[in-house]
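Participant: Below: one structure in structure tokens.
Every number in this text was worked out from the coordinates using simple rules, so none of it is lab data. No experiment lies behind these values; they were computed from the predicted model shown. Please note: Cβ atoms are built from the backbone with ideal geometry, for glycine as well, and neighbour counts cover all protein chains shown.
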Amino acid sequence: MNVLSIKELHFKYEDRVVLERLDLNVSQGEVVVLLGPNGCGKTTLLDCIIGYRKHEQGSIHIAGVEDKVFSISDKAKRVAYVPQSTSNIFPYTVMEIVLMGRNPHIGKLSAPRRKDSQIAQEALRSMGLTQFADRAFTKLSGGEKQLVMIARSLAQNADIILLDEPTSSLDVKNEMMVLRRIKDMVRKTGKTVVLATHQPNHAYYFENENLAVNAALFVQGRIKHYGAPSKVLTKQNIAEVYNVDCEILQYSDESKAFVAR
């Protein structure tokens, strides 16, 4: 059974159709990389999955159950979301941010229990952030903030984690740090990850690290090409989707920073 199944999904902003009869099936432990130009529907699809936007037609099933039956809290126990950017308004500590991931499991008038703190601490350890637990979130680098948000999603204990351009504002070093942590997380926990990005190399990276990964190329609100990155991220398909010429390079180098195939 697919952990996430989307069928005939349709969404529009006023008169502009963004998603049109979109189908997507994702298995447990799989990484799906959403690729396509700005405005193609990647973020809108994530918004529909978490319920932030309501689709007009079609269906979304999570672990075989239609999402419409879930309360906000129940859905949050099944699907976690990491946005592109986070607000710097309040100087919460890193531990406080990660503990927020436990909110769906805590009563409205209840405080975090010892178990919740232990889960948050383990999430921090998995992201290599234990030493930052008492540091103000606002004082972290961009890459460290993204890892904290991923740790929060882990503490949420959802089977599905949605990542919206998690490396969009990062330098090369921090980009690779985030990608490696995502890879390690999937290997260790078997979480399902749906990741929107502008970088085809991200899909190649996960494939070259031997994860179960598929790339989804968006064209005008639909997934036009879908499958293993080495199969669908061809020169012709990338030219069709992005309207640019490119070359697909192959090399092997254990010290590589970026990966191309």
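Participant: Can you tell which of GLY36, VAL65, PRO166 lies farthest toward the positive end of the dipole of the chain, using +1 and -1 charges on the Cβ of basic and acidic side chains (Lys, Arg; Asp, Glu)?
Facilitator: Most positive-ward Cα: VAL65.
Participant: Would you mind counting up the charge near ILE6? Only other residues with Cβ under 10 Å from its Cβ, with Lys and Arg at +1 and Asp and Glu at -1.
Facilitator: -2
Participant: Another one. Say a site is exposed when it is one of the GluC sites (Glu not before Pro), sits in a DSSP loop, and has at most 13 other Cβ atoms within 10 Å; what is then the longest site-free stretch of the chain?
Facilitator: 57-246
Participant: Place a +1 charge on the Cβ of each Lys and Arg in the chain and a -1 charge on the Cβ of each Asp and Glu, then give the dipole magnitude about the Cα centre in debye, rounded to the nearest 20.
Facilitator: 780 debye
Participant: Collect residues whose amide H, placed 1.01 Å from N in the peptide plane, falls under 5 Å from the amide H of THR93; neighbours closer than 5 in sequence don't count.
Facilitator: HN-HN under 5 Å from THR93: PHE137.
Participant: If contacts are Cα pairs under 8 angstrom and at least 6 residues apart, what is the relative contact order of the chain in percent?
Facilitator: 25 percent
Participant: What does the charge add up to near SER73, with Lys and Arg as +1, Asp and Glu as -1, over the other residues with Cβ less than 14 Å from its Cβ?
Facilitator: +3
Participant: Which whole-Hz ³J(HN,Hα) couplings does segment 151-157 yield from phi under the Karplus relation 6.51 cos²θ - 1.76 cosθ + 1.60, θ = phi - 60°, glycine and proline marked x?
Facilitator: Here the 3J(HN,Hα) series is 4, 4, 5, 5, 5, 5, 6 Hz.
Participant: While we're on this one: Could you give me the ³J(HN,Hα) list for segment 122-129, computed from phi with Karplus coefficients 6.51, -1.76, 1.60 and θ = phi - 60°, whole Hz, x at Gly and Pro?
Facilitator: Whole-Hz 3J(HN,Hα) from phi for segment 122-129: 5, 4, 5, 4, 5, 9, x, 10.
Participant: Taking the Cα centre of the chain as the origin and placing charges on Cβ (Lys, Arg +1; Asp, Glu -1), which of TYR242, HIS198, LEU45 is farthest toward the positive end of the dipole?
Facilitator: LEU45
Participant: So for segment 1-99, averaging the separation of alpha carbon pairs under 8 Å that are six or more residues apart and normalising by length, what relative contact order in percent results?
Facilitator: Averaging sequence separation for qualifying contacts and normalising by length gives 30 percent for segment 1-99.
Participant: Okay, moving on. With only Lys, Arg, Asp and Glu charged, each at its Cβ (+1 for the first two, -1 for the last two), find how big the charge dipole of segment 157-209 is about the Cα centre; round to the nearest 20 debye.
Facilitator: Magnitude of the dipole: close to 260 debye.
Participant: Right, another one. Enumerate the amide H contacts of GLU30 below 5 Å, restricted to partners 5 or more residues apart or on another chain; note that Pro and chain-start residues carry no placed amide H.
Facilitator: VAL193
Participant: Specify which labelled value, from [x] 13.6; [y] 17.6; [z] 14.7, agrees with mean projected area of the Cα convex hull in nm² derived from the coordinates of the model shown.
Facilitator: [z]
Participant: Quick one: what are the phi-derived ³J(HN,Hα) couplings along segment 167-172, Karplus 6.51/-1.76/1.60 with θ = phi - 60°, whole Hz, x for glycine and proline?
Facilitator: For segment 167-172, the Karplus-derived couplings read 10, 4, 10, 9, 6, 4 Hz, x marking Gly and Pro.
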